[in-house]
1. Considering the range 158-189 alone, what residues qualify as being within 15 Å of the chain's Cα centre (by Cα), among the small types (Gly, Ala, Ser) and closer than 30 Å to PRO132 by Cα?
2. Might you let me know whether the range 81-93 holds any residue that is assigned to a helix (DSSP H, G or I) and of a type outside the set (Ser, Thr, Tyr)?
3. With the requirement that a residue be among the polar types (S, T, N, Q) and either within 30 Å of PRO156 (Cβ to Cβ) or at pLDDT 95 or above (or both), what does the range 37-57 give you?
4. Could you please find all residues in the range 80-97 being loosely packed, with under 11 Cβ neighbours inside 10 Å and modelled with pLDDT of 90 or more?
5. What number of residues within the range 141-173 satisfy the criterion of being loosely packed, with under 14 Cβ neighbours inside 10 Å, touching a Pro at 6+ places or on another chain (Cβ under 9 Å) and within 21 Å of GLU34 (Cβ to Cβ)?
6. Which count do you get for residues in the range 17-36 that are modelled with pLDDT under 90, among the hydroxyl-bearing types (Ser, Thr, Tyr) and over 12 Å from the mean Cα position of the chain (by Cα)?
7. Name the residues in the range 175-189 that are part of a loop (DSSP other than H, G, I, E, B) and not acidic (Asp, Glu), would you?
8. I need the full set of residues from the range 145-174 which are part of a loop (DSSP other than H, G, I, E, B) and hydrophobic (A, V, I, L, M, F, W, C), in order please.
Amino acid sequence: MSEATPSPAQGVGPIYRPDGEKPTATVSKDIFYENVHVLPQSPQLIALLTMIRDRRTSRADFIFYSNRIIRLLVEEGLNHLPVVEQSVTTPVGRVYLGVRSLATSQIDGFFFLILWGSATLAVEVLKAKGVPEDRILFLNLIASPSGVADFAERFPKLRVVTAFIDQGLDDKKYIIPGLGDFGDRYYTL
């Protein structure tokens, strides 16, 4: 019996795979833009995405699993913010050299965006208000290859962090396989 296959007595817990081996049907499409970062396609992320894509998922579960993915996106987004070195003294009197964020407490705007057209407009508004393009970070749950490519080319200094790049668009311009209307599933009772 292979080490990757659990015996009937084991049956619980992960099946460990060699490094680099992932489920092929669910891994995000590759995209080659320096300003686009796709979250690591870990089994946890793929499981969360599976839950929010499943039409049988209840609204409460959809919100719960979406929020978990959003937390992962925000955590990764924070990794793209500038930091400076800072020394602190620990409770036991030792000096620790760490970092702190350069971010200020001033937030110019928060946008919840569904479509790339809305995202493009939001970036244009921020730039018109004097925000340099290289200071804009766009977090996105699921993108289409063409949408993220157009966005990355139009704003080459902006950084995009997305959880997943889907297969493409259908003839109605819906992302496939997609997850339905996120706003309806998240906000509508």
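1. Across the range 158-189, the qualifying residue is only ALA163.
2. No, the range 81-93 contains no residue that is assigned to a helix (DSSP H, G or I) and of a type outside the set (Ser, Thr, Tyr).
3. The answer is GLN41, SER42, THR57.
4. Pass one, the range 80-97, residues loosely packed, with under 11 Cβ neighbours inside 10 Å: 82, 84-85, 87-97.
Hits for the range 80-97 are GLU85, SER87, VAL88, THR89, THR90, PRO91, VAL92, GLY93, ARG94, VAL95, TYR96, LEU97.
5. Number satisfying all stated conditions: 1.
6. 2
7. Just the residues of the range 175-189 that are part of a loop (DSSP other than H, G, I, E, B), to begin with: 177-181, 188-189.
PRO177, GLY178, LEU179, GLY180, THR188, LEU189, listed by residue number.
8. Step one: list which residues in the range 145-174 are part of a loop (DSSP other than H, G, I, E, B), which gives 155-158, 166-167, 170-174.
Correct list: PHE155, LEU158.
The values are calculated or read from the model by the stated rules, or taken from the named source; none is laboratory data. Please read these numbers as outputs of a predicted model, since none were measured by experiment. Quick reminder, even Gly has a Cβ in these numbers, built from the backbone with ideal geometry, and neighbours come from all protein chains shown.
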